[in-house]
Structures are given as C-alpha cells and as structure tokens.
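J.: What follows is a structure written as structure tokens; I'll ask about it next.
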Amino acid sequence: MAAMREAKPVESRDPEDAVDLATRHLVQPWPYAGSVGAEARALIGEGDGIYITDGSGKKLIDGPAGMWCINIGHRREELARVMYQQALQLSYNTPWYTMNAPSAELARRIAGHAPGDLSHVFYTTGGSTAVETALRFMQFYNNVRGRPEKKLILSRGGAYHGSTYLSASLNGRPRDRDWMDGADDLVVKLTAPNPFHRPQGVTKEGFADFLVGEFRHTIERIGADRIGAFVGEPIQASGGVIVPPDGYLRRIREICRANDILYVSDEVVTAFGRLGSVFASGEVFGLDPDMITFAKGVTSGYFPLGGVVISERLLEDLRRSNHPDALFGHGLTYTSHPIGCAVALKNLDILETELLAHTQQVAPYFQAQLKTLEALPLVGEVRGMGLMACVECVADRESNDPLELDKDVGKRIDQHCHDLGLLVRPLINMCVMSPPLTITRDQIDDMVSILREGISRTMDDLRREGVWNG
C-alpha cells in the first residue's frame, strides 16, 4: 500500500457563501415549521483535539464532543490514514451475499468487551438504526418462537432512542413527539428515573422502590406474555444526563429475566469510553443485557457506524427452533461497511491503549469541578458520571421547578459561553457537556471557568429583564 500523501486542507470557502447556500438549499435536522428549509446554523470550519473553530475563526472548546461522539478528539491522523488506506483497498461490498475482513475482526473485538454471553454483532449506520434493529430482532425472535402477541415495548419518560419510526416511538421527551406520529400501540411509557425531580419528601431509595414497583405492576397489568422488550439507556443522555438511583437497573434486569422480557441496553452514548469502559452496562452498572446498542463513539464520529451486540442464548434459541427457514428480513445498504469497521478498529486501539485509563483518571476531577457550579443560585443540580454531565437551572431550589424560567435559558448560557470560547449543548433549562476523552485537567478548568461566567451573565440578563429574581 502506498504511503498516504501529505494531507492538504480542504478548499476554503467563504463562510457567507455557506450561510447563503444553507438558507436556500439545506434542510436542517429538527427544524421548526416557520423556518424549515430557510435557516443557517452556526458554521464550524475545523477541529483539532478538544477544540473547534467557527465560521468567524473563533476557537471554542467542543463541550458536547460533536454529539456525544468525538471521543478521541478531532484531527487524529491515525484514523484519517486508516480511512484512506481502507478506501483504496476496498471501499464497499454488499453485505447481502459478501463480507469483509474488518467487520469480522471488529465483531470479535467488540464481543470481547461485552458482558455476559453477548458474542455476536449486527452492524447498522448509527444509533437510530441500531435501536430499530434490536426491536425488529425482538419481533422476529418472538415470531419464530410462536409468540406473535409478545411485542409490546417498555420505555421511559426522558428517554431518547432515535429518529427512525419505531425507535422514535420510544422517546420520552414531549417536544420530540408533539407534532410527530409514532407506533403508540406498541410502546408503554414508564416514569423517568430522575432522582432530582422525585416527589418531595421521598428518598432516593424510596424513589427507586417506586420505579421498580411501577415496572412490576405494569407487567402484571398488561401481562408478560404481551411484552417483548424493555429498552433503557444506562444514563439518559439527551434527557439531561439522568443518572438512575443505585441498583435500580439491576432490579429491572432481574424482573425482565423472570418474565422472559428482553432487556435492551441502549449504549449509543455511554459506550466506547464515555464512562471509562468500552461498555458501561457490565463494568459500571453490573448488567448482563440481552442486547446492547452502540454507535457514536465506536468510530468517534469519523465515519457513520452503529450496531447491536446480541446474546448467544437468543441466537441459539433461533437455531433450535422449528422454523429454520424463517428469514430475518432486515439489513441496510451500509451494514458492515468496510471503511467504518476499519476506522472503528483503529479507534478501539486508541481507546484501549490510551483513553480508557485517562478517562477513569480525569472523570472524578471533571465531575468535582463542575459540581462547584451549584454555588450559583440559578443552578439547581449538577449531575453526571464519567465524562458526561448536565447543569440544570431552576426557578427556585425549594421546588426545583424549571417551568417558570425563560425556556431559552440554556440557549442564553450557550450564547454567552460561545462568546467566551466554549460550545455547550443547550436543552431548554439545561446545559450538557460531554467533551472529547482527551481533555486534560487544565482544559477542564478552562471549561468550568467559562461555564461559570456564562451562567453568571445569564443570571444578570434574567434579573434585568424581570424573568427571574434569584
């Protein structure tokens, strides 16, 4: 293989041209009807390490790591070289009747990190299609086993599982579904496992007991013979980095096992280093799910790839069935894409040799420094785990009520932070951070310092406008 030619910068374009073209031709994701197809968003020109540069040339800390995904940081030449070399060797093969070596090797490596008997991998194009695949596999599994009625899916408030039709039907954030249809007849929603918004006077232990009791009673009410799967994120990421009560997930897993309900652990965000492990289900939460979905950090966002790790037990049940000719009629054009799998292999090398240990070392400092922001009167709670965290702003600390606040308080903080050199992810009254795993203690100090000033400036704005008097 010839050596990769010296990298040259992509041809520079006038930022104003990009803004004009986007306004005239580009439909952005998650648009509002009043501006759909006629908006331009903040332009990002380049990235390097934990930093990005916007269209005006301003350097910013990439607080969300893209979208929870740039785990090894921007501009890692090792991944660019692998992408180039694999494209020259084999750019694509149809997965319908051929295969490639990187996908098989990556499946072996992923299975080696998965808990329990999760030993096989089905590849997808991202997180939404990974969750969709897990659910369709559950349906197929129960059809083959002669249980066509066992198809209902248990999900929770605060959940985010994707944007494809079935995966989006699981989402538990109201604004995700206000104007969108879904498979509501297939999904049963449970209470969000959010200790910060538990009823007043209820302990965290009592709240966990309530959640488990609700889960058990729901199964009794509906019937275990009608419920096919429970899908849950170990930490609800887009719901505001909701860390569940201790032991709650293990108790849910035990109930699922006792009722022959498949437990699908959605690790699209938490896998591949975000919590210091390749998979958090086993090492962090003590779970052995029936399936784990993954995406984002598997390639650190350098190439679209996702997948589902599936229990050997489930596959053996299918192989032993009386329907050996039953077809799992599901697949994607880019399933097992050779470039994506080659990039993921190199990405996993970097995580294993460098960044898992680094994350475990800096994560306590990251969480402790962010926790100091609770001294600000606007901040109700700072919560998180590993290198993911959320700052939730409230109208007052007695009720923890966010509803009386300006609904754009997160965007206000983000704008101030952008001016100061930090990009955060605003979620109504919350700000989420999940920086690249390469972040150092000094860079954490910079991030927290900017965030503190951004929140302080927002408090001044709210007081001046009479929106908040804290």
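The values are calculated or read from the model by the stated rules, or taken from the named source; none is laboratory data. Computed from a predicted structure; not experimentally measured. Glycine gets a Cβ as well: all are built from the backbone with ideal geometry, and neighbour counts include every protein chain shown.
J.: Being basic (K, R), closer than 22 Å to L462 by Cβ and in a helix (DSSP H, G or I) is the requirement here; does K407 meet it? Can you show your working first?
T.: Values: basic (K, R): yes; closer than 22 Å to L462 by Cβ: yes; in a helix (DSSP H, G or I): no.
No.
J.: On to the next question. Between T164, T125, T133, which is buried (at least 24 other Cβ atoms within 10 Å of the Cβ) and of a type in the set (V, I, T)?
T.: That would be T133, the only listed residue that is buried (at least 24 other Cβ atoms within 10 Å of the Cβ) and of a type in the set (V, I, T).
J.: Keeping to region 304-334, report how many residues are more than 16 Å from the chain's Cα centre (by Cα) and over 20 Å from G116 (Cα atoms).
T.: Residues meeting the conditions: 15.
J.: Of the residues that sit in region 102-130 and are small (G, A, S) and within 17 Å of T335 (Cα to Cα), which one is nearest to the chain's Cα centre (by Cα)? First the steps, then the outcome.
T.: Restricting attention to region 102-130, the residues satisfying the condition of being small (G, A, S) are 103-104, 107, 111-112, 114, 116, 119, 126-128, 130.
Filter again for within 17 Å of T335 (Cα to Cα), leaving 103-104, 107, 126-128, 130.
Values: S103: 22, A104: 25, A107: 21, G126: 10, G127: 8, S128: 10, A130: 12 Å.
By that ranking, first place goes to G127.
J.: I've got another one for you. Does R412 meet the test of being surrounded by fewer than 20 Cβ atoms within 10 Å (Cβ to Cβ) and not in a strand (DSSP E or B)?
T.: Values: surrounded by fewer than 20 Cβ atoms within 10 Å (Cβ to Cβ): no; not in a strand (DSSP E or B): yes.
For R412, the condition - surrounded by fewer than 20 Cβ atoms within 10 Å (Cβ to Cβ) and not in a strand (DSSP E or B) - is not met.
J.: So, one more: For the structure I just gave you, tell me whether S169 is buried (at least 21 other Cβ atoms within 10 Å of the Cβ), polar (S, T, N, Q) and at negative phi. Quick ask: steps written out before the conclusion?
T.: Details: buried (at least 21 other Cβ atoms within 10 Å of the Cβ): yes; polar (S, T, N, Q): yes; at negative phi: yes.
Yes.
J.: While we're looking at this one, here's another question. I'd like to verify a number: residues in region 97-108 that are assigned to a helix (DSSP H, G or I) and surrounded by fewer than 18 Cβ atoms within 10 Å (Cβ to Cβ), how many?
T.: Here is the first cut: in region 97-108, the residues assigned to a helix (DSSP H, G or I) are 101-108.
After this cut, where a residue has to be surrounded by fewer than 18 Cβ atoms within 10 Å (Cβ to Cβ) as well, the list is 101, 104-105, 108.
Of the residues in region 97-108, 4 are assigned to a helix (DSSP H, G or I) and surrounded by fewer than 18 Cβ atoms within 10 Å (Cβ to Cβ).
J.: Across region 136-149, what is the total count of residues that are in a loop (DSSP other than H, G, I, E, B) and either surrounded by 21 or more Cβ atoms within 10 Å (Cβ to Cβ) or touching a helix residue (DSSP H, G or I) at 6+ places or on another chain (Cβ under 8 Å) (or both)?
T.: So in region 136-149, the residues in a loop (DSSP other than H, G, I, E, B) come out as 145-149.
Now drop any that are not either surrounded by 21 or more Cβ atoms within 10 Å (Cβ to Cβ) or touching a helix residue (DSSP H, G or I) at 6+ places or on another chain (Cβ under 8 Å) (or both), which leaves 145, 147-149.
Result for region 136-149: 4.
J.: Can you list the strands (runs of 3 or more DSSP E) lying wholly within region 24-96 that have 3 or more residues being touching a residue at least 40 places away in the same chain (Cβ under 8 Å)? Break it down into steps so the answer makes sense when it comes.
T.: On the way: elements: 44-48, 51-54, 59-62.
The qualifying strands (runs of 3 or more DSSP E) are 59-62.
J.: Looking at region 298-323 only, could you name the residues that are among the small types (G, A, S) and closer than 19 Å to E132 by Cβ?
T.: To start, the set of residues in region 298-323 that are among the small types (G, A, S) comprises 300-301, 306-307, 311, 321.
Result: G306, G307, S311.
J.: Still on this structure: If I go through region 109-132 residue by residue, how many of them are outside any loop (DSSP other than H, G, I, E, B) and touching a strand residue (DSSP E or B) at 6+ places or on another chain (Cβ under 7 Å)? Show your work before the answer.
T.: Here is the first cut: in region 109-132, the residues outside any loop (DSSP other than H, G, I, E, B) are 109-113, 118-124, 127-132.
In the following step, the residues that additionally are touching a strand residue (DSSP E or B) at 6+ places or on another chain (Cβ under 7 Å) were identified as 110-111, 118, 120-124, 127, 129-131.
Adding up the residues that qualify gives 12.
J.: Determine whether region 433-444 contains at least one residue that is surrounded by 20 or more Cβ atoms within 10 Å (Cβ to Cβ) and under 23 Å from R175 (Cβ atoms).
T.: Going through region 433-444, the residues surrounded by 20 or more Cβ atoms within 10 Å (Cβ to Cβ) turn out to be 433-439, 444.
Cutting the leftovers down to under 23 Å from R175 (Cβ atoms) gives us 433-434.
The answer is yes, given that some residue of region 433-444 is surrounded by 20 or more Cβ atoms within 10 Å (Cβ to Cβ) and under 23 Å from R175 (Cβ atoms).
J.: Which count do you get for residues in region 352-388 that are surrounded by fewer than 19 Cβ atoms within 10 Å (Cβ to Cβ) and assigned to a loop (DSSP other than H, G, I, E, B)?
T.: Matching residues across region 352-388 total 2.
J.: Report yes if A229 is at pLDDT 95 or above, within 19 Å of R313 (Cα to Cα) and either in contact with a helix residue (DSSP H, G or I) (Cβ under 6 Å, 6 or more places away or on another chain) or part of a helix (DSSP H, G or I) (or both), otherwise no.
T.: On the way: at pLDDT 95 or above: yes; within 19 Å of R313 (Cα to Cα): yes; either in contact with a helix residue (DSSP H, G or I) (Cβ under 6 Å, 6 or more places away or on another chain) or part of a helix (DSSP H, G or I) (or both): yes.
Yes; evaluated as a whole, the condition is true for this residue.
J.: Please pick out the residue among D349, D317 that is closer than 17 Å to S103 by Cβ and not in a loop (DSSP other than H, G, I, E, B).
T.: On the way: D317 fails: closer than 17 Å to S103 by Cβ.
Exactly one residue qualifies, and that residue is D349.
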